[in-house]
Amino acid sequence: MFNTKALLITISLFVSLLFGVNANAKALKSIRVGPSIGSQVPEIMAIDQQNQPVKLADFYGEKGVVVVFFRSADWCPFCKRHLVELNQIVPQIEQAGYKMVGISYDSVETLNTFSKSMNIAFPLLADQKAKTVRRFKVLNKDYKLGDKHYGIPYPGVMVISPDGELKDKYFYKGYKKRITAESLLEKLN
């Protein structure tokens with residue numbers, strides 16, 4: 001006996017799954033920003049939470065550094081959530097031989113306030129005048145000079161070796177999708 005209702009439910013589930021997978025695949029689509037994998041990265045031009053200029057070499061672990069580019073620790077809920085999530089794996093990142101640092105266009109005061117309120121265990125750097133994000137070619141071009149959001153990067157993560165070589169990068173289409181802490185640990189190990 002042919003069950004029309006069961007067939008319609010099965011087709012409906014199949015179509016939902018198909019579109020869900022395609023939507024998820026699009027959400028995971030990488031965007032082409034930043035230096036090429038295997039190339040030398042430029043020097044950062046940022047200041048730390050004590051208002052001191054820093055160099056990328058200040059943050060290298062034995063195997064390198066994980067650099068997190070984020071939009072804002074002030075107004076971006078996706079960035080805040082991602083930073084808190086990554087903060088939970090700092091010990092595992094360090095155990096894997098890396099250090100982690102975050103970079104945004106936020107002021108030192110904003111970064112200090114967020115870092116203290118959320119007990120962030122890795123340095124957050126203020127990118128003055130978008131010098132670092134421009135040098136790393138991750139400047140979000142949706143905002144022009146003079147816009148209050150000028151200087152925000154495309155959110156993402158770069159893994160850099162101690163000799164300054166870009167080992168890997170994770171930048172996805174849209175501002176909501178980020179590499180998860182779990183996935184990042186898998187990639188580092």
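The values are calculated or read from the model by the stated rules, or taken from the named source; none is laboratory data. What you see is a predicted model, and the numbers here were worked out from it, not measured in a lab. Heads up, the Cβs are rebuilt from the backbone with ideal geometry, glycines too, and the neighbour counts pull from every protein chain shown.
Data table
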quantity: Filter result for the condition that a residue is crowded, with 23+ Cβ neighbours inside 10 Å, of a type in the set (Ser, Thr, Tyr) and within 16 Å of residue 153 (Cβ to Cβ), over 104, 72; calculated: 104
quantity: Residue among 144, 177, 148, 167 that is outside any helix (DSSP H, G or I), at pLDDT below 95 and either more than 21 Å from residue 105 (Cβ to Cβ) or touching a helix residue (DSSP H, G or I) at 6+ places or on another chain (Cβ under 7 Å) (or both); calculated: 177
quantity: Some residue of region 29-37 being out of contact with any Pro (no Cβ under 9 Å at 6 or more places or on another chain), at negative phi, buried (at least 20 other Cβ atoms within 10 Å of the Cβ) and at pLDDT 95 or above; calculated: no
quantity: Neighbours by Cβ (under 7 Å, 6+ apart or cross-chain): first from region 86-111, in the same structural domain as residue 130 (by TED's automatic domain parsing) and modelled with pLDDT of 95 or more; second in a strand (DSSP E or B) and among the aromatic types (Phe, Trp, Tyr); calculated: 103/69
quantity: Any chance residue 159 is closer than 17 Å to residue 82 by Cα and among the β-branched types (Val, Ile, Thr); calculated: yes
quantity: Complete set of residues in region 56-87 that are in a loop (DSSP other than H, G, I, E, B) and within 23 Å of residue 174 (Cβ to Cβ); calculated: 70, 71, 72, 73, 74, 75, 76
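Listed here are the residues, each with its yes/no results for (1) of a type outside the set (Gly, Ala, Ser); (2) surrounded by fewer than 16 Cβ atoms within 10 Å (Cβ to Cβ); (3) under 24 Å from residue 38 (Cβ atoms); (4) in the same structural domain as residue 61 (by TED's automatic domain parsing).
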residue: 114; (1), (2), (3), (4): yes, no, no, yes
residue: 118; (1), (2), (3), (4): yes, yes, no, yes
residue: 139; (1), (2), (3), (4): yes, no, yes, yes
residue: 144; (1), (2), (3), (4): yes, yes, no, yes
residue: 160; (1), (2), (3), (4): yes, no, yes, yes
residue: 165; (1), (2), (3), (4): yes, yes, yes, yes
residue: 172; (1), (2), (3), (4): yes, no, yes, yes
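The rows are residues; the columns are (1) among the hydroxyl-bearing types (Ser, Thr, Tyr); (2) touching a Phe, Trp or Tyr at 6+ places or on another chain (Cβ under 8 Å).
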| position | (1), (2) |
| --- | --- |
| 102 | no, yes |
| 110 | yes, no |
| 119 | no, no |
| 125 | no, no |
| 136 | no, yes |
| 143 | yes, yes |
| 149 | no, yes |
